[in-house]
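We did not get these values from a lab; they are worked out from the coordinates using the rules stated. Bear in mind that the values here come from a model prediction, so they are computed numbers and not experimental data. Because the Cβ atoms are built from the backbone with ideal geometry, glycine has one as well, and the counts that use them run over all protein chains shown.
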Amino acid sequence: MPKIKNLDDLRKIREESKDLTSARSGGKKKIIVGMGTCGIAAGAREVLTAILTELDKRGIKDVAVETTGCIGMCQYEPLVDIIRPGEPRVTYGNMKPEDVSRIIAEHMINGNIVWEKVIGRTD
Amino acid sequence: MLEDLSQYILDIAENSAKAKAKKVLIELAVDNRNKSIVLRVSDDGWGMDEEFLRKVEDPFTTTRKERKVGLGIPFLKQAALACEGFFDIKSKKGEGTVIEAGFRKDHIDCPPLGDVAATIATLIMGWPECRWIFRYSVDGNSFILDLDDLLDHLGDRELLKSPKVVLWIKDYIQENIDLLNQKKGGEDIA
């Protein structure tokens, strides 16, 4: 297999997308994925990859993605929190990679909570 | 227990980041002649004192407050010993920690490697301020990814949070892992 990627690609990505940095950690829209032992065992890394793929595919650049440790709700892992400015923080549980596109489209973009996957809400 | 080695690596290396390591070296060495896989995670985090080190392999030891059990290290040890491998942990308060786990790759209970590329990309995204170095070797041939080299090309550390960059890093690592695995005449290495 010929080598496709090399580090110079990163220079190109940097030049092509000057606005990539809008997703700085200070960004207001946020997705947080639980990545403790419990999350990892339940498939959180695959959910995170699905989130990154979906954001990249849709060209969404104003959402910061973060990971966090165990928050004590191990039985509901993988957990994904969606934070939109001025709205309650919503925690989704038992997430699967195939749930990701719907939650990003309906909640992250359009602001409609996907209730059937919600396990908690902080006002 | 976790499903594969890549999940153990993610779990163990997160401990290093949480221990405020500035540099974490993750080495995964596959040796087809000796039929072994050796994982070593070395960090310069805050380390553990002798008392904590003595009990860290016990599941009922954890620093967290959300639950009373810590399963990361016991899981890795159990997985290594289950396939007649070995487990070793060395740590010094204020200096860092080195965890080593060996697996016999021809043992029926040896976990598969799993998605190591996704693990490294996840660690970089989660802790971009830490200098991650990943070395993957197969029978002496190595691929090394040093986050400092990536940053030389990328310029801005904040870009490590961009989905496009994280996915690029994942694919870049995967490509190099595949290349090394293929060098060994297409033999299935894990």
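Straight-line cross-link partners of B:LYS35 among the lysines, defined as a Cα under 18 Å from its Cα and at least 8 positions apart when in the same chain: B:LYS105, B:LYS183, B:LYS184.
Between B:VAL98 and B:ASN141, what length in nm is gained on full extension when 0.36 nm per residue of separation is reduced by their alpha carbon distance? Provide the component values of the computation, followed by the final result.
Values: separation 43, 0.36 × 43 = 15.48 nm, distance 2.26 nm.
Net length gain for the segment: 13.2 nm.
Under the definition of partner shielding as Cβ atoms of other protein chains within 10 Å of a residue Cβ, what is the mean value for peptide A:31-42? If you can, show how the numbers build up before the last one.
Working: counts 0, 0, 3, 0, 7, 8, 17, 4, 2, 13, 7, 0.
Average per residue, whole number: 5.
Working value for chain B: equivalent-ellipsoid semi-axes of 25, 23, 14 Å, each the square root of 5 times a Cα gyration tensor eigenvalue, largest first. Across segment A:20-122, the volume of the C-alpha convex hull divided among the residues equals 90 Å³ per residue.
Test of understanding: given chain A, find the longest segment containing no trypsin sites (Lys or Arg not before Pro) that are in a DSSP loop and have at most 15 other Cβ atoms within 10 Å. It works out to A:29-123. The Cα center of segment A:97-118 and the Cα center of segment B:134-149 differ in position by 38 Å. Loop-resident chymotrypsin sites (Phe, Trp or Tyr not before Pro) (DSSP state other than H, G, I, E or B) in segment B:48-153 with no more than 15 further Cβ atoms inside 10 Å of their Cβ: B:PHE60. Distance between the pseudo-spin-label points of B:LYS20 and A:GLU98 (7 Å out from Cα toward the beta carbon): 4.5 nm. Annotation for segment B:87-177: GluC sites (Glu not before Pro) lying in DSSP loop with at most 16 further Cβ atoms inside 10 Å of their Cβ are B:GLU95, B:GLU129. The charge dipole of segment B:5-183, taken about its Cα centre with unit charges on the Cβ of Lys, Arg, Asp and Glu (plus for the first two, minus for the last two), comes to roughly 440 debye. Counting Lys and Arg as +1 and Asp and Glu as -1 over every other residue whose Cβ lies under 15 Å from the Cβ of A:ILE113, the net charge comes to 0.
Exposure proxy check: A:CYS38, A:CYS74 ranked by fewest other beta carbons within 10 Å? Write down the numbers at each step before the final one.
On the way: A:CYS38 24, A:CYS74 19.
Ranking A:CYS38, A:CYS74 by Cβ neighbours within 10 Å, fewest first, gives A:CYS74, A:CYS38.
Would you calculate a helix-derived [θ] at 222 nm for chain A, using -39,500 (n - 2.57) for each DSSP H run of n ≥ 4 and dividing by the full residue count, to the nearest 500? Could the numbers behind the result be given before it?
Numbers: 4 runs with 34 residues, N = 123.
Helices in chain A give a 222 nm mean residue ellipticity of -7500 deg cm²/dmol.
If you bin the C-alpha pair distances of the protein assembly as shown every 10 Å from 0, what whole percents do you get? Result, from short to long distances: 6, 26, 34, 25, 9, 1 percent. For segment B:1-105, trypsin sites (Lys or Arg not before Pro) meeting the loop criterion (DSSP other than H, G, I, E, B) and having at most 16 other Cβ atoms within 10 Å: B:LYS20, B:LYS22, B:ARG33, B:LYS35, B:ARG64, B:LYS65, B:ARG67, B:LYS68, B:LYS93.
For an R0 of 25 angstrom, estimate the FRET efficiency from the Cβ-Cβ distance between A:LYS29 and A:TRP115 and round to the nearest 0.05. Don't skip to the end; give the middle numbers.
Values: r = 20 Å, r/R0 = 0.79.
So the FRET efficiency works out to roughly 0.80.
Among the residues of A:4-12, the average count of other protein chain beta-carbon atoms within 10 Å of the residue beta-carbon is 5. Remark on A:GLY69: its backbone amide H falls under 5 Å from those of A:MET35, a criterion applied only to residues 5 or more positions apart or on other chains, H modelled at 1.01 Å from N.
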